[in-house]
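Reviewing the structure listed below.
The values are calculated or read from the model by the stated rules, or taken from the named source; none is laboratory data. For clarity, every value in this text was computed on a predicted model and none was experimentally measured. Heads up, the Cβs are rebuilt from the backbone with ideal geometry, glycines too, and the neighbour counts pull from every protein chain shown. These area figures cover heavy atoms from the full protein model, side chains too; ligands, DNA and RNA do not enter into them. Shrake-Rupley method; radii C 1.70, N 1.55, O 1.52, S 1.80 Å.
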Amino acid sequence: MEKATVKKMVASMCVAIVFVLLVSGCGGSSSKDSKEKTAKLPSLGKRYTLDKAEPAWKLDTKKETTKLTWYVNADWWNTEFGTDMITKKIKEDLNIDIEFIVGDDTKLNTYFAGGDMPDIVSIFDSNSTVARKANTWAYPLQDLADKYDPYFYDVASKDTLNWYKLSDNKTYGYPDYSNAAADYKSGDIYSRDAFIIRQDVYEAIGKPDMTTPEGFVKAMKLIKEKFPDLIPFGFNDFAKDGSSNGSMDGVIQDMLGVPYTDADGNYYDRNVDKDYLAWIKAFRQVHADGNISDDSFTDDGDKFKEKVSTGKYATMMIGSFVNQGIALQEFATNNPTEKYIAVDGIQSTEGNEATLTQAGISGWMINYISQQCSDPAKAIQIFTYLQSEEGQMLTNFGIEGETYTVASDGKVSYTADALKVQNENPEAWQKEYRIGEFIQFGHDKYKALSDDSYVEAVKQMQEWGTDKLEPQFATENIGPDAGSQEARALSAIQTNWSTTLVSMLRAKSDKEVEQLIAKYKKFEKENSIQAINKVRNEKIAENKKKLGIK
Amino acid sequence: MKKPKLTLSKPKSNVVQDKDSKLFNFVNMLLLLLFTLLIVVPIWNVVISSFASSEALAKGDFVFLPAELSLDNYRSVFSDTTIWSALWISVSKTVLGVLAHTLFCAIMAYALSKQSLKGRPLYATLGIITMFFSGGMIPTYLLIKSLGLLNSFWVYVLPALFSYYDVIILMNFFRDVPASLEESAKIDGASDWKIFTRIFVPLSKPALATIAMYHGVWQWNDFMTAKLYVTNKALYPLQMKLYEIIVQSQAASSQGLTAAVAIDTTSKGIQLATIVVTSVPILLIYPLLQRHFISGMMLGAVKE
Amino acid sequence: MVKKEPINRRLKNYWEKFGKQWQLQSMAIPGVVYMIIFNFIPIYGLVIAFKNYTVIDSIGNADWVGWQNFEIVMKDRYFWQSVVNTLAISGLKLLFGFVLPIIIAIMIYELRAGVFKRVIQTISYLPHFLSWIILGGMLITWFSTTGMINQLLQMFGIVTQQNHMLDANKYWWIAALSDVWKEAGWGTILYLAVMSKIDPTYYEAAKMDGAGRLRQVWSITIPMMKSIISLNFILAVSGLFNSNLDQTLVLMNSQNQQKSEVINSYVYRLGLQQGDFSYATAVGLGVSIISVLLLVVTNLVTKKLNDNKSVL
């Protein structure tokens, strides 16, 4: 362009733009497939005849190994298949070979856009477009079960199938860890949040009452005096982008039993609850006394784990202690007299009972069989297999006789050999056995069969939480559709809330807290909270209909 | 830079000049030492942390030397036997990628360095557009797919063959090659290709080394290509291992919150050890190329 | 100006010349073909900026929505906040990050060849190899209440228990300076390559004239690097609207967000994390267009300083 005049440059730019448009025109028009397509299910032919009492994987006569691709929307998923005890057994039983592919939404999108979907897809967000429009790309599980494997109905939870029904009354995805109301009552599933304190600290300060805001503030001061090296109060790490606030909003609100819906059954804004704000002021005082470290707001998950495993915090409002199980156990093993225990603390000022939550009916990872699945019969067989007693025992405990035994009362315990590997060589445990890790269809009720399913350090905490669990299914999945104006506004509100919350905790005075919360309320109003709540209320009503609650 | 000094360095006697020069050298050295120190301390902290035992790391109360050193982190990095094949992939894609990229860009840069080239404004405009506009991940994926590059080793080399930024840099270097050399070659009847290979390439070694360096480091560090286009693990480069390890500790903790599932994450020590292991091979490239950056003498001699 | 010739004549002339330089053309055209295949064919993907495109769509079948995505972007005040932050951080990076590599390169160049020179050169580019995930984690530790920074401040008698990462007012500086730290050494490579071409006889001549070392730097080294400096300047200015996503994602927290949210991170959160690809593409397209405009303008300006020669 050295001697090129501006004129020449403009001209060549024009040529280039025309050229680009031409090229893009050609490319853009290439893929024009219809939007709503329902694939027809291939016929079974002579492979096997259906038997309601027998899972189809036992009947299938297909000789050659079925190769399937299974996409998991998480980069951290272990993609090995057939190299460890559990997946080797699955491979043999079902005569399949699975290639796991991992990635994020963008990667998933390349499959949709490219038109070649993996055979099975697991995603995590039941609010996402992928889940809500599953009927455009996945097979309905009912159709698959009717045609290939009616035994599926015997192993799948009716409540869960019903919950994931889309508007056409069919279910496309099936989640793991989906807990129905009955599961909450059974006592097989445990709570996961608790207020915990180091045992030595608890005793040294004379087991004071920490259930009221005043008592809490005082106790923290006491800890500071007696244990100047410890940080009196800690909590889970905050997400950097404000998408989650550790254990300082939802979890605290659960501890206080702040309701999810108001008296009329409408969405209730728990963040501005009076009871909750009374405690926020207490935490503010604790922070002002120097008993909450500012670092707790910037630590990431790794840092939090490090502090847990070295006992840096005297007390913690811990959310998902099973997630922190390894760190908690590490500290307990190294310091048996100082281990963390759950105690009563942080209770409602209005006399409400704690309403702790666990994975709800939406579960966690949701599994789909795509319409491009090369062998949908095999795929539904896998779903059935993994949910059946047989598959659950395998994925949770391994192979009977080799890694576990069942006592006459039904209690499962690991064999001495297996325990040895678990304790002495955790890496081999993970790589060679993969017990409790192949969890696309996992469920806590199987974990409850064994005393070894959870690390020792959390058992007291689970016990503390007995009878405190309360299902909140009606308010699950009530977020506005992705990409809608409401979703955008909600995202802005959530970000603002995160800032507001931390600012309140770090505020200089209670008055400042009041001002901050007033500002937050104003912000909500400016960002169409009314429209968002309308969507939420509609979805709550829909949920209730599904659940059969009036 | 300190401007007042400029007046001080006005011609005086030789003695003063030497003094001035000595002072200059001293200040220069001192500032550079300070700069180096600023870099070495944090880097040292990373490297030594990778040798720290997990207890020492959890306490995190050291900057220079942890209470306890251990090779455990490295042991567990190397216990993964696939690391060697990943290293082989990384080395071959970097070597091949660098050679092909540098040559391809240099050829085009040579042509574009000539003002007389017909269509040059158009070519340059197209090039500049590529620097700023990209169709995004999805169409690129579809293109790669239709070219049959998915799950192929060549996906590391071909889509990265060209960068207009590198062309511009080379072009500017080529323009500085004395015109007299080219003219005399032309009189001897040399073709453009010959002039390029016989005169421009040898004379532009520092520039070619720079581009090779830039691209080599990019190739080495790139894991996105593997992440997007390769599912065959046998084709994973070393950096993909690092990515897997780091992302495991990040995402697993955030996505794991819903269910009461304990997901084991990789310890910080292993992360750091992996970083050291994956960085050391490429760090050797600079000392290897370094002599090309200090080859001013040779060039000066040719220039006449 | 050349006198007007008939158009067909001019065309014929043009193609004649084109044919004569077939060797040169054979060197340029493979690159052009490459660009067409790898860069221009996929460019049709930009149409999703004008569509309502979600994760389960293919580019062809998404619904057209015209300028709607752009309107949403324009009306979004958080987007504008992220623009302000982006410009502030990029501005600081330009201010320090642009000059520092030049200075350091000159300083290294001025060293006598030897072990020290080689070692410094090698060390200076080490930080480039630290990924932001790791470096960010380290920065957070250093800026924490008991971190290295506070310990250093203590040595100077400033006792503070502050976590600096929570102080929104410091964020721009932290982001800019940590980036400069990471990339300054790496940035010297290009300059060192250019300087290696400088004819040593120039310096000898200058010495004869009695020019001091600084004088030599000022009147030989810098002018010799003029074109590469202006090239980097043009690219740096056109990159003003770009921001470092990886860095932002690790250093951001709820307290500094209003100062740390940059265009990339905002688009990432709103666009990609929530599956709103159209929004992300619309912003990307806008940024690209502005960047090209900046490039053209800076190119015109630097041309004036560069003996009316463009470096592009």
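Residue pairs whose Cβ atoms lie under 7 Å apart, sitting 6 or more positions apart in sequence or on different chains, and linking a residue in segment C:48-59 that is in a helix (DSSP H, G or I) to a partner that is of a type in the set (A, V, I, L, M, F, W, C) and buried (at least 23 other Cβ atoms within 10 Å of the Cβ), are C:Ile48/C:Ile59; C:Ile48/C:Phe277; C:Ala49/C:Ala282.
If you filter segment A:74-102 down to residues that are in a helix (DSSP H, G or I) and open to solvent by less than 10 Å² (accessible area, probe 1.4 Å), you find that the one that is farthest from the other protein chains (Cβ to nearest Cβ) is A:Leu94.
Scanning segment B:126-165 for residues that are crowded, with 22+ Cβ neighbours inside 10 Å, of a type in the set (Ser, Thr, Tyr) and closer than 28 Å to C:Ala282 by Cα yields a total of 2. Close contacts from segment A:411-431, counting a first residue that is over 17 Å from A:Lys447 (Cβ atoms) and a second that is among the small types (Gly, Ala, Ser), with Cβ to Cβ under 6 Å and a gap of 6+ residues or different chains, come to A:Val421/A:Ala428. For segment B:199-216, a residue qualifies if it is touching a helix residue (DSSP H, G or I) at 6+ places or on another chain (Cβ under 6 Å) and under 27 Å from B:Ser152 (Cβ atoms), and the qualifying residues are B:Ile211, B:Ala212, B:Met213, B:His215, B:Gly216.
The helices (runs of 4 or more DSSP H) located wholly in segment A:337-437 that include 2 or more residues which are closer than 27 Å to A:Asp154 by Cβ occupy A:376-387, A:389-397. For segment C:164-204, give me each residue that is over 26 Å from the mean Cα position of the chain (by Cα) and modelled with pLDDT of 90 or more. Correct list: C:His164, C:Leu166, C:Asp167.
Considering each residue of segment C:269-276 in turn, none proves to be hydrophobic (A, V, I, L, M, F, W, C) and touching a residue at least 24 places away in the same chain (Cβ under 8 Å). Applying the criterion of at least 3 residues that are within 23 Å of the chain's Cα centre (by Cα), crowded, with 20+ Cβ neighbours inside 10 Å and assigned by TED's automatic domain parsing to the domain that holds B:Thr102 to the helices (runs of 4 or more DSSP H) found wholly in segment B:174-227 leaves B:205-221.
Residues that are at pLDDT 85 or above, of a type in the set (Val, Ile, Thr) and open to solvent by less than 20 Å² (accessible area, probe 1.4 Å): does segment A:439-455 have at least one? The answer is yes; a qualifying residue exists. Annotation: B:Ile107 fulfils all but one of (1) under 18 Å from B:Lys233 (Cα atoms); (2) part of a helix (DSSP H, G or I); the unmet one is (1).
Name the single residue that is surrounded by the most Cβ atoms within 10 Å (Cβ to Cβ) among those in segment A:490-536 being over 20 Å from A:Ile252 (Cβ atoms) and small (Gly, Ala, Ser). Only one residue tops the list, namely A:Ser491. Residue check: B:Ala234 meets all listed conditions (1) free of Cβ contacts under 8 Å to residues at least 24 places away in the same chain; (2) in a helix (DSSP H, G or I); (3) more than 9 Å from chain C (Cβ to nearest Cβ) but one, namely (1). As for segment C:208-227, it holds no residue that is open to solvent by 30 Å² or more (accessible area, probe 1.4 Å), in a loop (DSSP other than H, G, I, E, B) and more than 9 Å from chain B (Cβ to nearest Cβ).
Table: residues versus (1) open to solvent by 20 Å² or more (accessible area, probe 1.4 Å); (2) closer than 30 Å to B:Ile246 by Cα; (3) assigned to a helix (DSSP H, G or I).
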{"position": "C:Ser82", "(1), (2), (3)": "no, yes, yes"}
{"position": "C:Ser90", "(1), (2), (3)": "no, yes, yes"}
{"position": "C:Leu94", "(1), (2), (3)": "yes, no, yes"}
{"position": "C:Ile106", "(1), (2), (3)": "no, no, yes"}
{"position": "C:Ile123", "(1), (2), (3)": "yes, yes, yes"}
{"position": "C:Leu139", "(1), (2), (3)": "no, yes, yes"}
{"position": "C:Thr145", "(1), (2), (3)": "no, yes, no"}
{"position": "C:Gly157", "(1), (2), (3)": "yes, no, no"}
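Restricting A:Ala482, A:Ala487 to those that are in contact with a Gly (Cβ under 8 Å, 6 or more places away or on another chain), without any contact (Cβ under 8 Å) to a residue 24 or more places away in the chain and either within 9 Å of chain C (Cβ to nearest Cβ) or open to solvent by 40 Å² or more (accessible area, probe 1.4 Å) (or both) reduces the list to A:Ala487. Residues that are within 14 Å of chain A (Cβ to nearest Cβ) and polar (S, T, N, Q) within segment C:154-207 comprise C:Thr160, C:Gln161, C:Gln162, C:Asn163, listed in sequence order.
Each row is one residue, and each column tells you yes or no for (1) modelled with pLDDT under 95; (2) hydrophobic (A, V, I, L, M, F, W, C); (3) in contact with an Asp or Glu (Cβ under 6 Å, 6 or more places away or on another chain).
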{"position": "A:Ser178", "(1), (2), (3)": "yes, no, no"}
{"position": "A:Tyr184", "(1), (2), (3)": "yes, no, no"}
{"position": "A:Gly187", "(1), (2), (3)": "yes, no, no"}
{"position": "A:Phe195", "(1), (2), (3)": "no, yes, no"}
{"position": "A:Asp200", "(1), (2), (3)": "no, no, yes"}
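Being within 12 Å of chain B (Cβ to nearest Cβ) and of a type outside the set (A, V, I, L, M, F, W, C) is true for just one of C:Thr298, C:Thr281. Which residue is that? Write out each step before concluding.
On the way: C:Thr298 fails: within 12 Å of chain B (Cβ to nearest Cβ).
Matching residue, one of C:Thr298, C:Thr281: C:Thr281.
Does C:Ser278 count as crowded, with 20+ Cβ neighbours inside 10 Å and part of a helix (DSSP H, G or I)?
Considered against the rule, which asks whether it is crowded, with 20+ Cβ neighbours inside 10 Å and part of a helix (DSSP H, G or I), C:Ser278 comes out as yes.
Evaluating A:Ala314 against the criteria (1) among the small types (Gly, Ala, Ser); (2) open to solvent by 30 Å² or more (accessible area, probe 1.4 Å); (3) at pLDDT 95 or above leaves one unmet condition, (2).
Output the residues belonging to segment B:262-276 that are hydroxyl-bearing (Ser, Thr, Tyr) and at pLDDT 85 or above. Quick ask: steps written out before the conclusion?
Taking segment B:262-276 as the starting set, the residues that turn out to be hydroxyl-bearing (Ser, Thr, Tyr) are B:265-267, B:274.
Selection gives B:Thr274 alone.
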